[in-house]
Amino acid sequence: MNSGTITTNFKSVWGTSSSDVFAVGYDYVTGGAIFHYNGTSWSSMSSGTTNDLRGIWGSAGNDVFVVGANGKILHYDGISWSSMSSGTTNDLRGVWGISSTKAYAVGVSGKILRYMGFLGPFWNSMTSGTTSSLIGIWGSSESDIFSVGISGTILHYNGTSWSSMSSGTTNSLFGVWGSSGSDVFAVGDYGTILHYCETPCTTTTIIPATTTTVSTTTTVSPTLVTLIDFNAIPDSSIVTLVWSTASEIDNAGFNLYRSETENGNYVKINTSLIPAQGSSTQGASYEFIDKDVQNRKTYYYKLEDVDLNGVSTMHGPVSATPRWLLGIFRIFKK
């Protein structure tokens, strides 16, 4: 579909029908991005924030919640988006609810917020019992809610308290959904798919081995760095490399490599190791600007993470073609 944008990375989608769909993410020119589909075309909506937006859920087309970086929560009333007080600066990654007055948001460092709209337009923090970053959330009722996150974390809420469930994996989990509270699926890194059921399951839980071959030359450990995204953003005479992680275990830092052909010789472009900023329970966002490029020429990039023992893993490639018109476009957008 034609989204109408080339500068936005979309992170989540939700809707009420085929003619009322919302997509949210991050635009590298304007910041927080919200697009709406009316059944015919996509159009940009004013979010009023520069924060990265990660999750969306609503009870109706005129009652929609969006969560994002730095504790940002937005609400749509059918006319405009407005900011809500979250009471936290933790990045929020997922949101799900029961009704217009009952919703839940999850994020880094085990942060869980609950919205009780009948008490006022604010969110209260809940005790999660974990410091692991949470990414996905879904429930069948207000007394049966699941949340998943890094290192195989799964939490369950019974209407009174959150408790940890055994997932059987240390691979990070990013999404969760079910047809009922006794038939739930979770998905994550390295092809991991988990199935929860209260009666004998009719499907197979897939948990890959502790090592996974991602190419003919690279074998990686799934417990090193959980990379969420890696992108090359073109501008006039520069390319901005951005990437973010959900978690980093024993990570020393990153290197970036550039080539003029996808399968060519990649040359390191950073002078020194880019220091790691994440941890085993929290990810981080990174940015590097490559100024040694020419307009109208395509460049390919790879990202390397290096652990404390010197073992490295390569990601990519991604590509970008800087153009003079992109610089003009950015000036006008500002």
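Name the residues in the stretch 94-142 that are part of a loop (DSSP other than H, G, I, E, B), under 21 Å from SER83 (Cβ atoms) and touching a helix residue (DSSP H, G or I) at 6+ places or on another chain (Cβ under 9 Å), would you?
Going through the stretch 94-142, the residues part of a loop (DSSP other than H, G, I, E, B) turn out to be 100-101, 111, 120-121, 127-133, 142.
In the following step, the residues that additionally are under 21 Å from SER83 (Cβ atoms) were identified as 100-101, 111, 120-121.
Passing the criteria: SER100, THR101, LYS111.
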- Message: When you check TRP14 against the structure, is it touching a residue at least 40 places away in the same chain (Cβ under 8 Å), aromatic (Phe, Trp, Tyr) and out of contact with any His (no Cβ under 8 Å at 6 or more places or on another chain), yes or no?
- Response: yes
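Tell me the strands (runs of 3 or more DSSP E) entirely within the stretch 155-194 that contain at least 2 residues that are of a type in the set (Ser, Thr, Tyr) and assigned by TED's automatic domain parsing to the domain that holds GLY55.
On the way: elements: 162-165, 173-180, 183-188.
Answer list for the stretch 155-194: 162-165, 173-180.
Please go through the stretch 90-127 and give me each residue that is among the small types (Gly, Ala, Ser), over 19 Å from ASN51 (Cα atoms) and under 20 Å from the mean Cα position of the chain (by Cα), ordered by number. Walk me through how you get there before you give the answer.
Keep residues of the stretch 90-127 that are among the small types (Gly, Ala, Ser), which gives 94, 97, 99-100, 103, 105, 107, 109-110, 117, 120, 125.
Those still in the list that are over 19 Å from ASN51 (Cα atoms) too: 97, 99-100, 103, 110, 117, 120, 125.
Correct list: GLY97, ALA103, GLY110.
For GLY264, are the conditions met, namely being buried (at least 17 other Cβ atoms within 10 Å of the Cβ), at pLDDT below 90 and in a loop (DSSP other than H, G, I, E, B)?
Working: buried (at least 17 other Cβ atoms within 10 Å of the Cβ): no; at pLDDT below 90: yes; in a loop (DSSP other than H, G, I, E, B): yes.
Considered against the rule, which asks whether it is buried (at least 17 other Cβ atoms within 10 Å of the Cβ), at pLDDT below 90 and in a loop (DSSP other than H, G, I, E, B), GLY264 comes out as no.
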- Task: Kindly establish whether GLY117 is on the phi > 0 side of the Ramachandran plot and surrounded by fewer than 23 Cβ atoms within 10 Å (Cβ to Cβ).
- Result: no
- Residue set THR202, THR226; condition assigned to a strand (DSSP E or B), hydroxyl-bearing (Ser, Thr, Tyr) and at pLDDT below 90; output residue THR226
- Task: Look through ASP52, ASP27 and report the one residue that is surrounded by 15 or more Cβ atoms within 10 Å (Cβ to Cβ), within 20 Å of ASN231 (Cα to Cα) and free of Cβ contacts under 8 Å to residues at least 24 places away in the same chain.
- Result: ASP27
- Message: Condition first: outside any strand (DSSP E or B), of a type in the set (Val, Ile, Thr) and on the phi < 0 side of the Ramachandran plot. Can you find one or more residues in the stretch 31-45 that meet it?
- Response: yes
- Item | Residue in the stretch 268-293 that is farthest from ASN231 (Cα to Cα), counting only those that are of a type in the set (Val, Ile, Thr) and not in a loop (DSSP other than H, G, I, E, B) | ILE274
- Task: Give the number of residues within the stretch 6-24 that are surrounded by 17 or more Cβ atoms within 10 Å (Cβ to Cβ) and either in contact with a Lys or Arg (Cβ under 7 Å, 6 or more places away or on another chain) or among the hydroxyl-bearing types (Ser, Thr, Tyr) (or both).
- Result: 5
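Working only within the stretch 232-255, note down all residues that are out of contact with any strand residue (DSSP E or B) (no Cβ under 6 Å at 6 or more places or on another chain) and surrounded by 21 or more Cβ atoms within 10 Å (Cβ to Cβ).
First pass over the stretch 232-255, keeping only residues out of contact with any strand residue (DSSP E or B) (no Cβ under 6 Å at 6 or more places or on another chain): 235-237, 249.
Within the stretch 232-255, ASP235 is the sole residue that qualifies.
The values are calculated or read from the model by the stated rules, or taken from the named source; none is laboratory data. Just so we're clear, the structure is a prediction, and the values are computed from it rather than from any experiment. With ideal geometry, Cβ positions are generated from the backbone for all residues, glycine too; neighbour counts draw on all protein chains shown.
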